[in-house]
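The values are calculated or read from the model by the stated rules, or taken from the named source; none is laboratory data. The structure presented is a predicted model; accordingly, all values stated were derived computationally and were not measured. Glycine gets a Cβ as well: all are built from the backbone with ideal geometry, and neighbour counts include every protein chain shown.
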Amino acid sequence: MIITGVNKKMKSLSKILQLIRPENGFTLVELLVAMGISAVVMAAVYSTYRSQQQSYIVQDQVAAAQQNLRAAMYVMTRDIRMAGFDPTRSGGFGIADAQAGSITFTSDNGTDTGEYGSGAIETGETVTYSLSGKNLVRNAGGGNQVAAENIEALGFAYAFDNNDDGLADTAADGSIKWAVDSGSPGDGFLDLCLDGTTVNVSVNKIKSVKIWILARTDKTLRSYTDTKTYEVGVSDITPEPGYMYRLLCETTRCRNL
């Protein structure tokens, strides 16, 4: 009697457990469908992540290039604006060399003596800007100092007042003539205009300087090709594949010339 009662209770308990925890599981088809859906979702998440990461890298590289470009232009225009500063009117200061890819100028800034107006060109008063490799360099007598990195090209052109009427000389169409010294460095004369015509003007007649700086990103960007051709002064620059470029052009009035 006792055993029979126990068996009945065990059977009842077994039925209750079956109701609470049914033994039916997932079929193989259901598992495959779930795995397929999970794979699609994960692929979409990864694709979004990669896209966002690539966008961030591009924006970071471009922002760095633009900041580098603006800083370089600011430094150069500040210096060039002071070209020819000559408080004693000695006549010994001004633009010494006006090349298409470099500029050399002097100003009486008191670097050596610590005071203005010495009237003589002293240490640190002759400044040259040029390109060395991919670096914009400034040389004030102590060797090249890097002013900006990742600079692809540097260009200059010069407006002049050859007839001393106080205005920059213009072409027949009324546009300002921009010229460079394409001859031997330091020969003291502008000889080639950007429109291809020739002139023979002393660098002492220069009144304004136009500056082009072409900067590029520090690293290559995947699957990116810049198809533009950039005009930098008298040169046309074809970009290298993978790099993104930014060009800045500014005109500086040399108020002391």
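For the stretch 149-163, filtered to residues that are in contact (Cβ under 8 Å) with a residue 40 or more places away in the chain and not in a strand (DSSP E or B), the residue that is farthest from ALA65 (Cα to Cα) is ASN162. One residue stands out among those in the stretch 225-253 that are in contact with a Pro (Cβ under 8 Å, 6 or more places away or on another chain) and surrounded by 14 or more Cβ atoms within 10 Å (Cβ to Cβ): the one that is nearest to VAL75 (Cα to Cα), which is TYR245.
Mind telling me which of the residues GLY133, GLY142, GLY92, GLY114 ends up being under 24 Å from ASP181 (Cβ atoms), at pLDDT below 90 and out of contact with any Ser or Thr (no Cβ under 7 Å at 6 or more places or on another chain)?
Matching residue, one of GLY133, GLY142, GLY92, GLY114: GLY92.
Filter the stretch 175-187 for residues that are in a loop (DSSP other than H, G, I, E, B) and touching a residue at least 24 places away in the same chain (Cβ under 8 Å) and give the result. Hits for the stretch 175-187 are ASP181, SER182, PRO185, GLY186.
The residues in the stretch 187-220 that are buried (at least 17 other Cβ atoms within 10 Å of the Cβ), at pLDDT below 90 and touching a Gly at 6+ places or on another chain (Cβ under 6 Å) can be counted, and the count is 0. Within the stretch 62-108, the set of residues being more than 24 Å from SER132 (Cβ to Cβ) and part of a loop (DSSP other than H, G, I, E, B) comprises GLY84, PHE85, ASP86, PRO87, THR88, ARG89, SER90, GLY91, GLY92, PHE93, GLY94, ASP108. Just a yes or no: is a residue in the stretch 166-183 loosely packed, with under 12 Cβ neighbours inside 10 Å and touching a strand residue (DSSP E or B) at 6+ places or on another chain (Cβ under 6 Å)? Checking the stretch 166-183: at least one residue is loosely packed, with under 12 Cβ neighbours inside 10 Å and touching a strand residue (DSSP E or B) at 6+ places or on another chain (Cβ under 6 Å). The listed residues are THR225, THR252, and the only one of them that is more than 13 Å from ILE95 (Cβ to Cβ) and among the hydroxyl-bearing types (Ser, Thr, Tyr) turns out to be THR225.
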